[in-house]
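Data block below; observations after.
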Amino acid sequence: MSSLIKIDEEIVTAAVASVSLLGIDSTYDVYMVKVNNVAPDVANRILYMRVTEGGTANTTANYDYAYKGLRADTSFANLSGTNSTIWQTNGGYGSSTGTGQTMNGVFYLFNFNNASEYSFFTNETANFTGTPALRAGQGGGVFTSTSSCDGLYFYFNVDNINSGVFTLYGLKK
Amino acid sequence: MAGNLEFIKSASATSVSSLSVTDCFSADYDVYFVTVKGLDSTNDGDVEMRFIDSGGSVITASEYDCAFLQLKSNTSFVEVSRTNIDGIENIGVSNADDYGAGNGTYIFNPNDISSYTFVTSQSAGWRQADSSMRGHKVIAVHKSAEQITGLNIFQESGLNLTLTISVYGVK
């Protein structure tokens, strides 16, 4: 019997402004999010992420993150931020609209539902930009608020999510 | 009861030039998790991965890009960028001490004929030459929108490997 339990899945086949994955509670301590073939409806857009509380994205300046940006076409880069209103994903690199120019990756989420600790994530992605080039991130972040979070909210920095599959799993205790 | 991380198949071999896992990708899953363990050889060396096409042939064309961070326990880290190469480099290292190694790899969209196939990979291994740990964090893409049905792992210098590959579907 598997110990990876699917909780929520959103399949995008037409342009939407955002995607929310909900259902994080005290059932599990660690959650996993899988994203694949995520693309915007306008070229070169960057996927952002926020926690949700009561199903609504939290927009306060409590997001810190740090990434190592891996690039096949040139030197690697670092990306970091503190007291931001969003989490960067994917090392801050954009996805686009051409063939194969999508974002794919996995997030692990820690302490999201625990109201006495901060919420953390780790992230590894593989992504083909509009350049075109293989550029992606390995990193993570923290939501610096001891609140109880119940999900994640994804959206592009501008314009829409045109395609992709977003799936939330719990890791059985 | 089937769950959301489902074992598909595995392959093991002793002292082989390469090992393939065939017909492990299908329309049943869009994302796969692969583990590789062992990687014992007659000498230290980098281990690579290639994909297998719908005709059962290992894809050796220069249509892979990859980037990896090499983490060395005894010296500075190394950042490597590659484009238009004939395989995904450094998914692990082989060693002659028979101490083994471990790798966990996600593969995205291999069965989708309209998208590229993407890889993220993490590994930890051992080098006999300097008695040190060698880790890799790898991203890669196979830049051809075609159906991928399996994978092949080999040592870049052509040395024989002893290894086990296991493939799981993430439902």
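Any read-out appearing in this document is the output of simple, stated calculations on the displayed coordinates, not a laboratory observation. From a predicted model like this one, the values you see are computed outputs, not experimental measurements. Ideal geometry is used to build each Cβ from the backbone, glycine not excepted, and the neighbour counts take in all protein chains shown.
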> Taking the stated definitions as given, is B:Ser121 surrounded by fewer than 16 Cβ atoms within 10 Å (Cβ to Cβ), within 19 Å of B:Thr149 (Cα to Cα) and within 14 Å of another protein chain (Cβ to nearest Cβ)?
Replying inline: no
> Hey, any hits in segment A:111-120 for a residue that's in contact (Cβ under 8 Å) with a residue 40 or more places away in the chain and more than 17 Å from A:Ile24 (Cβ to Cβ)?
Replying inline: no
>> Out of everything in segment A:115-139 that is away from every other protein chain (no Cβ under 13 Å) and in contact with a strand residue (DSSP E or B) (Cβ under 6 Å, 6 or more places away or on another chain), what residue ends up being surrounded by the fewest Cβ atoms within 10 Å (Cβ to Cβ)?
In response: A:Phe120
>> Return the pair list, or none, for Cβ contacts closer than 8 Å from residues in segment A:23-43 that are within 14 Å of chain B (Cβ to nearest Cβ) and closer than 21 Å to A:Leu109 by Cα to residues that are assigned to a loop (DSSP other than H, G, I, E, B) and among the polar types (S, T, N, Q), at least 6 apart or on different chains.
In response: A:Asn36/A:Thr102; A:Asn36/B:Asn109; A:Asn37/A:Thr102; A:Asn37/B:Asn109; A:Asn37/B:Ser115; A:Val38/A:Thr102
>> With the requirement that a residue be assigned to a loop (DSSP other than H, G, I, E, B) and within 11 Å of chain A (Cβ to nearest Cβ), what does segment B:75-96 give you?
In response: B:Phe77
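Just to check your reading of the model, which residue among A:Ile7, A:Ile46 is of a type outside the set (D, E, K, R) and touching a helix residue (DSSP H, G or I) at 6+ places or on another chain (Cβ under 7 Å)? Lay out the reasoning, then the answer.
Numbers: A:Ile7 fails: touching a helix residue (DSSP H, G or I) at 6+ places or on another chain (Cβ under 7 Å).
Testing whether each residue is of a type outside the set (D, E, K, R) and touching a helix residue (DSSP H, G or I) at 6+ places or on another chain (Cβ under 7 Å) leaves just A:Ile46.
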> Pick from B:Ala67, B:Ala101: which is closer than 26 Å to A:Val38 by Cα and in contact with a Lys or Arg (Cβ under 8 Å, 6 or more places away or on another chain)?
Replying inline: B:Ala67
> Applying the selection to segment B:126-156, what residues are in contact with a Ser or Thr (Cβ under 9 Å, 6 or more places away or on another chain) and hydroxyl-bearing (Ser, Thr, Tyr)?
Replying inline: B:Ser132, B:Ser144, B:Thr149
> Condition test on B:Val34, is it touching an Asp or Glu at 6+ places or on another chain (Cβ under 9 Å) and either crowded, with 21+ Cβ neighbours inside 10 Å or of a type in the set (Val, Ile, Thr) (or both)?
Replying inline: no
>> Looking at segment A:77-103 only, could you name the residues that are within 11 Å of chain B (Cβ to nearest Cβ) and surrounded by 19 or more Cβ atoms within 10 Å (Cβ to Cβ)?
In response: A:Asn90, A:Gly91, A:Tyr93, A:Gly100, A:Gln101, A:Thr102, A:Met103
>> Contact list please: Cβ distance under 8 Å, first residue in segment B:106-117 and facing chain A (nearest Cβ under 7 Å), second residue basic (Lys, Arg) and assigned to a loop (DSSP other than H, G, I, E, B), pairs at least six apart or on different chains.
In response: B:Tyr116/B:Lys143
> So which pairs qualify, if the first residue must be in segment A:1-12 and within 7 Å of chain B (Cβ to nearest Cβ), the second must be exposed (fewer than 13 other Cβ atoms within 10 Å of the Cβ), the Cβ gap must be under 8 Å, and the two must be at least 6 apart or on different chains?
Replying inline: A:Met1/B:Met1; A:Ser2/B:Met1; A:Ser2/B:Ala2
> Which one of these is under 20 Å from B:Phe108 (Cβ atoms) and either assigned to a strand (DSSP E or B) or within 11 Å of chain A (Cβ to nearest Cβ) (or both): B:Leu69, B:Leu39?
Replying inline: B:Leu69
> Which members of segment A:119-138 meet the condition of being within 16 Å of B:Ile107 (Cα to Cα) and of a type in the set (S, T, N, Q)?
Replying inline: A:Asn123, A:Thr125, A:Asn127, A:Gln138
> Applying the selection to segment B:1-36, what residues are within 13 Å of B:Ile148 (Cα to Cα), of a type in the set (Val, Ile, Thr) and within 14 Å of chain A (Cβ to nearest Cβ)?
Replying inline: B:Val31
